[in-house]
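Visitor: Dumping the structure here so I can ask a few things about it.
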Amino acid sequence: MVVDQMLSNYSDMAFATSVVVYIAAMVLYFAEFAYGGRAQRSGARQSQLVTTAGDAADAPPAERVGRIDTPAGRPLSERFGGMAVAMTVLGALVHAGSLVFRGVATGRAPWGNMYEFGSAICLAAVLAWLIVLFRQSRAARRDASPAQLRGLGGFVLLPVVVLLFLSGTVLYARAAPLQPALQSYWIVIHVSAAIVSSGALLFAGVASVLFMLRARYENNPLKMARIGSRLPISQALDRMAYRATVIIFPVWTFAIVAGAIWAEAAWGRFWGWDPKETCSFIAWVVYAAYLHARATAGWRGVKAAWINITGLAVMIFNLFFINIVVSGLHSYAGL
């Protein structure tokens with residue numbers, strides 16, 4: 001099939017634009033996070049001023065002399081947060097457009113090499129973050145305000161931006177038809193499930209890392225005070241990581257099963273202990289152990305978080321080292 005070079009160029013431009021937009025959103029998230037404590041103190045002072053102004057309105061005219069009624073505006077941190085969310089949504093739309101352009105240009109699913117696969121994983125992670133943010137913002141939470149949750153966006157976008165940068169430079173591959181071994185409808189089923197689960201598990205791993213920072217601060221307020229004091233309480237972060245993992249784990253299981261079925265159709269065996277298969281199975285075991293420990297042993301907190309972080313480390317190792325360094329039947333990086 002002939003590749004539409006014009007659409008491929010549009011895809012590359014949209015990809016680069018999405019990275020720039022994500023970086024801007026990340027900076028705004030970190031700005032909200034940095035000014036969060038200051039905004040809370042400012043909000044308390046503004047509330048006091050509004051109350052004082054209300055009392056002054058009921059006072060005699062002589063007592064109101066020299067007092068000015070000033071409406072309380074939105075804190076600067078909340079403005080940063082609102083702009084960050086808007087930029088994230090814009091970046092996700094442009095990012096999705098880059099994948100659509102690449103898919104139309106090549107006439108196939110846009111995840112046939114490491115560049116496309118990494119880009120799709122990042123989009124899945126951003127969408128997972130937006131879904132969690134909007135759900136949490138709509139629900140009344142006792143332990144985490146919407147502003148606190150928004151402040152986590154910078155920590156979510158940081159690994160996304162790094163992975164996108166690597167995908168667009170070191171891992172970049174020109175638009176081309178699929179390799180013969182990948183020309184199967186299973187690439188839509190198996191790889192799409194792997195992309196969605198990898199993106200959601202990336203978000204869950206980041207939540208567990210932030211939980212560790214918050215837990216360390218709660219155990220010793222003198223440590224990690226600048227960061228830990230502005231994060232949601234540890235229970236909220238722990239619950240966020242657990243829910244994301246428990247929801248997406250069946251999708252990761254399906255991705256492995258679908259891969260085994262595809263392997264039988266392509267190579268005549270369901271399982272051959274190929275490096276990619278082995279590392280994916282190890283990741284599955286780690287996440288299964290995490291969920292099992294939470295459900296049966298009642299593990300909470302640091303122990304469970306370390307298991308989840310280990311699962312994230314295995315996924316990153318599988319994504320980069322196995323795909324790029326190790327030679328196997330799944331060597332389709334396109335480098």
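Visitor: Can you find even one residue in segment 281-294 that is modelled with pLDDT under 85 and among the aromatic types (Phe, Trp, Tyr)?
Guide: So in segment 281-294, the residues modelled with pLDDT under 85 come out as none.
No: segment 281-294 contains no residue that is modelled with pLDDT under 85 and among the aromatic types (Phe, Trp, Tyr).
Visitor: Right, something else. How many residues does segment 164-197 hold that are of a type outside the set (A, V, I, L, M, F, W, C), under 30 Å from Asn308 (Cα atoms) and either in contact with a Ser or Thr (Cβ under 7 Å, 6 or more places away or on another chain) or free of Cβ contacts under 8 Å to residues at least 12 places away in the same chain (or both)? Show your work before the answer.
Guide: Looking only at segment 164-197, we keep the residues that are of a type outside the set (A, V, I, L, M, F, W, C), and these are 167-169, 172, 174, 177, 179-180, 183-185, 190, 192, 197.
When the remaining residues are screened for being under 30 Å from Asn308 (Cα atoms), the result is 167-169, 172, 190, 192, 197.
From the residues that got through so far, the ones that are either in contact with a Ser or Thr (Cβ under 7 Å, 6 or more places away or on another chain) or free of Cβ contacts under 8 Å to residues at least 12 places away in the same chain (or both) too are 167, 169.
Qualifying residue count, segment 164-197: 2.
Visitor: A follow-up question, please. Considering only residues of segment 206-224 that are within 19 Å of the chain's Cα centre (by Cα), more than 18 Å from Leu130 (Cβ to Cβ) and without any contact (Cβ under 8 Å) to a residue 60 or more places away in the chain, which is surrounded by the most Cβ atoms within 10 Å (Cβ to Cβ)? Spell out the reasoning first.
Guide: Our first condition is that a residue be within 19 Å of the chain's Cα centre (by Cα); within segment 206-224, this holds for 206-214.
Right, trim to more than 18 Å from Leu130 (Cβ to Cβ) and you get 208-209, 211-214.
Subsequent filtering for residues that are without any contact (Cβ under 8 Å) to a residue 60 or more places away in the chain retains 213-214.
Details: Leu213: 17, Arg214: 23.
Looking at residues that are within 19 Å of the chain's Cα centre (by Cα), more than 18 Å from Leu130 (Cβ to Cβ) and without any contact (Cβ under 8 Å) to a residue 60 or more places away in the chain, I get Arg214.
Visitor: Now a separate question. Determine whether segment 225-247 contains at least one residue that is at negative phi, within 17 Å of the chain's Cα centre (by Cα) and free of Cβ contacts under 8 Å to residues at least 12 places away in the same chain.
Guide: yes
Visitor: Of the residues Phe281, Phe270, Phe203, only one is closer than 18 Å to Val314 by Cβ, over 16 Å from the mean Cα position of the chain (by Cα) and not basic (Lys, Arg); which?
Guide: Just one listed residue meets the conditions, Phe281.
Visitor: Looking at Ala24, Ala39, Ala44 in this structure, which one is at pLDDT 80 or above, of a type outside the set (Ser, Thr, Tyr) and in a helix (DSSP H, G or I)? Lay out the reasoning, then the answer.
Guide: Values: Ala39 fails: at pLDDT 80 or above; Ala44 fails: at pLDDT 80 or above.
Answer to the check: Ala24.
Visitor: Shifting gears a bit: Which condition does Arg230 not pass, out of (1) charged (D, E, K, R); (2) over 21 Å from Ala207 (Cβ atoms); (3) outside any helix (DSSP H, G or I), if it passes all the others?
Guide: The one condition Arg230 does not meet is (2).
Visitor: Which of the residues that make up segment 264-275 are assigned to a helix (DSSP H, G or I) and surrounded by fewer than 18 Cβ atoms within 10 Å (Cβ to Cβ)?
Guide: Applying the first criterion (assigned to a helix (DSSP H, G or I)) to segment 264-275 yields 264-267, 275.
Within segment 264-275, Glu264, Ala265, Ala266, Trp267 qualify.
Visitor: Select from segment 154-184 the residues that are at pLDDT below 85 and exposed (fewer than 14 other Cβ atoms within 10 Å of the Cβ) and write down the one among them that is farthest from the chain's Cα centre (by Cα).
Guide: Pro180
Visitor: Name the residue, out of Pro159, Pro177, that is in a helix (DSSP H, G or I), within 28 Å of Phe101 (Cβ to Cβ) and either of a type outside the set (Phe, Trp, Tyr) or touching a Pro at 6+ places or on another chain (Cβ under 7 Å) (or both).
Guide: On the way: Pro177 fails: in a helix (DSSP H, G or I).
Going through Pro159, Pro177 in turn, the sole match is Pro159.
Visitor: Another one. Return the total of residues in segment 92-108 being surrounded by fewer than 20 Cβ atoms within 10 Å (Cβ to Cβ) and more than 16 Å from Met6 (Cβ to Cβ).
Guide: Of the residues in that region, 3 qualify.
Visitor: Shifting gears a bit: So, in segment 195-223, exactly how many residues are more than 16 Å from Tyr290 (Cβ to Cβ) and aliphatic (A, V, I, L, M)? Talk me through it step by step, then tell me what you get.
Guide: Step one: of segment 195-223, the residues more than 16 Å from Tyr290 (Cβ to Cβ) are 195-196, 199, 210, 213-223.
From what is left, the residues that are aliphatic (A, V, I, L, M) are 195-196, 210, 213, 215, 222.
Counting residues in segment 195-223 that are more than 16 Å from Tyr290 (Cβ to Cβ) and aliphatic (A, V, I, L, M) gives 6.
Visitor: Could I ask something else about it? Quickly run through segment 284-322 and pick out the residues that are in contact (Cβ under 8 Å) with a residue 60 or more places away in the chain and buried (at least 18 other Cβ atoms within 10 Å of the Cβ).
Guide: Tyr287, Ala304, Ala305, Asn308, Ile309, Gly311, Leu312, Met315, Leu319 - these are the residues of segment 284-322 that are in contact (Cβ under 8 Å) with a residue 60 or more places away in the chain and buried (at least 18 other Cβ atoms within 10 Å of the Cβ).
Visitor: Next question. Of the residues Ile248, Ile261, which single one is at pLDDT 90 or above, more than 28 Å from Thr296 (Cα to Cα) and in a helix (DSSP H, G or I)? Reasoning before the result, please.
Guide: Numbers: Ile248 fails: more than 28 Å from Thr296 (Cα to Cα).
Answer to the check: Ile261.
The values are calculated or read from the model by the stated rules, or taken from the named source; none is laboratory data. Here the structure is a predicted model, which means the values were calculated and not measured. Reconstructed Cβ throughout: ideal geometry from the backbone, glycine too, with neighbour counts over all protein chains shown.
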